[in-house]
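Asks: Please find one structure pasted underneath; my questions will follow.
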Amino acid sequence: MQALADRDYYTDYDILKDPYGYFAAARAQGPIYKPAGQDYYIVTGFEEALAIMRNHDAFSAIINLQGAGMPLPFTPEGSDINDQISAHRKEFVGWDLVSNMDDDRHTKLRALINTLFVPSRLKASEEFINRYCDDMVGKAVADGKVELIKEIATPFVTMVVADLLGVPMEDRKIFMDAIAAAPPPGSIDGKKTGDPEHSPFTVMAKYFWEYIADRRANPQKDILTEFAFAKYNDGSIPEPSDLVQLGMFMFGAGQDTSAKLLGTAVKFLISQPGLQDRLRADPKLIPDFLEEVLRLEGSTKQEGRLARKDAVVGGIHIPAGSKIMISISGANRDPRRWESPDELKLGRPKIAEHVAFGRGKHTCAGAPLARAEVRIIMEKLLASTSRIDIDLEQHPDGVANLTYEQSYIIHGLSALHLKLTPPTGTSPS
């Protein structure tokens, strides 16, 4: 029988559904391990993951989307393959996404993203989040039940990022439907590649071209105008194609991460005895709770890196051309860094040091927004209920057999049906 640590992470649904035992088995072989029969390294050590994430000179993000399991479009040669990566860059999956970029190109586009997450913009977003949460949660509690992922989590975070980007209200449903109809990033189901003509990025691109062209011709006092006239650090104005690509990426990335985090957080609420009562009694614990959820089951399971130079990490020689899977889940459960790493503990020291949002230049720019939107909706859900329970009619086995997205990148539930009980002395209206 094949050892657990040597099974193929990128195609095995049982592992993708619950990767924590797999990453623990890999870690038992060392914090950096090359599975038998595979041509990539798995990094499960916390310090080793940090070292690679921060070393942008030796490690390229070009395989971040396609993952370490896919073959390279060339045969690496020598101790420095930067020129080969540059020559073949457009042959990598997602080569034009900011998450896959390196060096100056990444720095310029990342600076544009950062302009959308300044404190004043986030404060304005919180006002929208509060209003929208009241409507969504109020309806769900009045109904007494809800399917959390499709009825609340996905539309909620989609509307929030749409508001941040300034997407007109009348177009938001179109974007939401396009994303919902597509397979998740990193889907292992090869048959679900989708129709490129109707892919969410294709659909959104048409609209973003129109938004940018319109605002450049007819400036208004809105976010889209700021976006259309945003400048690089050197003062130059980006090409419209750069802004279109950036807008689509932010819309897609913001939708996935936060929606899955909300689903996972509620799963912990309904499966840990006494937890939701404790958070209701002291809502100030909710941010700490969410950090623990991010550490234990963050929405991103792994990141991909390609060694573009010979490097040494944790005493291990990694030759140029090596593909690397950085296990976010593994690093966040490394017992050398975290005491009782598989347990949810409120008040864990230095919990914000987890790597659920990455580290280095590719740290998730939307992390502050994700934390804010999930915190607010958790506060609303807990304040508006006396109990949140799993709907056993829909999930007879409880949380033991929930279904997960078939993705090697995203960790998240595909459905979670809940029963919602209003506070004592109230009744659904």
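Asks: Out of the residues in segment 245-300 that are buried (at least 24 other Cβ atoms within 10 Å of the Cβ), of a type in the set (D, E, K, R) and more than 30 Å from Ile212 (Cβ to Cβ), state the one that is farthest from the chain's Cα centre (by Cα).
Replies: Per the criteria, the residue is Arg295.
Asks: Looking only at segment 116-171, which residues are closer than 27 Å to Leu420 by Cα and of a type in the set (Phe, Trp, Tyr)?
Replies: Phe128, Tyr132, Phe156 - these are the residues of segment 116-171 that are closer than 27 Å to Leu420 by Cα and of a type in the set (Phe, Trp, Tyr).
Asks: Same structure again: Sort through Lys309, Lys301, Lys267, Lys284 and tell me the only one that's in contact with a His (Cβ under 7 Å, 6 or more places away or on another chain) and either more than 30 Å from Gly78 (Cα to Cα) or in contact (Cβ under 8 Å) with a residue 24 or more places away in the chain (or both).
Replies: On the way: Lys309 fails: in contact with a His (Cβ under 7 Å, 6 or more places away or on another chain); Lys267 fails: in contact with a His (Cβ under 7 Å, 6 or more places away or on another chain); Lys284 fails: in contact with a His (Cβ under 7 Å, 6 or more places away or on another chain).
Criteria check complete, one pass: Lys301.
Asks: What number of residues within segment 389-405 are touching a residue at least 60 places away in the same chain (Cβ under 8 Å) and not in a loop (DSSP other than H, G, I, E, B)?
Replies: Here the count works out to 5.
Asks: A further question follows. Let me confirm something: among Asp14, Asp83, Asp8, Asp57, which residue is among the charged types (D, E, K, R), part of a helix (DSSP H, G or I), under 26 Å from the mean Cα position of the chain (by Cα) and surrounded by fewer than 19 Cβ atoms within 10 Å (Cβ to Cβ)? Before the answer, list the steps.
Replies: Working: Asp83 fails: under 26 Å from the mean Cα position of the chain (by Cα); Asp8 fails: part of a helix (DSSP H, G or I); Asp57 fails: part of a helix (DSSP H, G or I).
Exactly one residue qualifies, and that residue is Asp14.
Asks: Still on this structure: Quick one: which residue in Ile179, Ile149 is in contact with a Phe, Trp or Tyr (Cβ under 9 Å, 6 or more places away or on another chain), over 15 Å from Ser125 (Cα atoms), in contact (Cβ under 8 Å) with a residue 24 or more places away in the chain and surrounded by 14 or more Cβ atoms within 10 Å (Cβ to Cβ)? Before you say what the answer is, go through the steps one by one.
Replies: Details: Ile149 fails: in contact with a Phe, Trp or Tyr (Cβ under 9 Å, 6 or more places away or on another chain).
Within the list Ile179, Ile149, the selection yields Ile179.
Results for (1) among the small types (Gly, Ala, Ser); (2) surrounded by 23 or more Cβ atoms within 10 Å (Cβ to Cβ), shown as yes or no for each residue.
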{"residue": "Leu306", "(1), (2)": "no, yes"}
{"residue": "Ala311", "(1), (2)": "yes, no"}
{"residue": "Ala320", "(1), (2)": "yes, no"}
{"residue": "Gly330", "(1), (2)": "yes, yes"}
{"residue": "Asp334", "(1), (2)": "no, no"}
{"residue": "Arg337", "(1), (2)": "no, no"}
{"residue": "Asp342", "(1), (2)": "no, no"}
{"residue": "Lys345", "(1), (2)": "no, no"}
{"residue": "Ile351", "(1), (2)": "no, no"}
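Values quoted throughout were computed directly from the atomic coordinates according to the rules given, and no laboratory measurement underlies them. None of these values were measured; they are calculated from a predicted model. Glycine also receives a Cβ, built like all others from the backbone with ideal geometry; neighbour counts cover every protein chain displayed.
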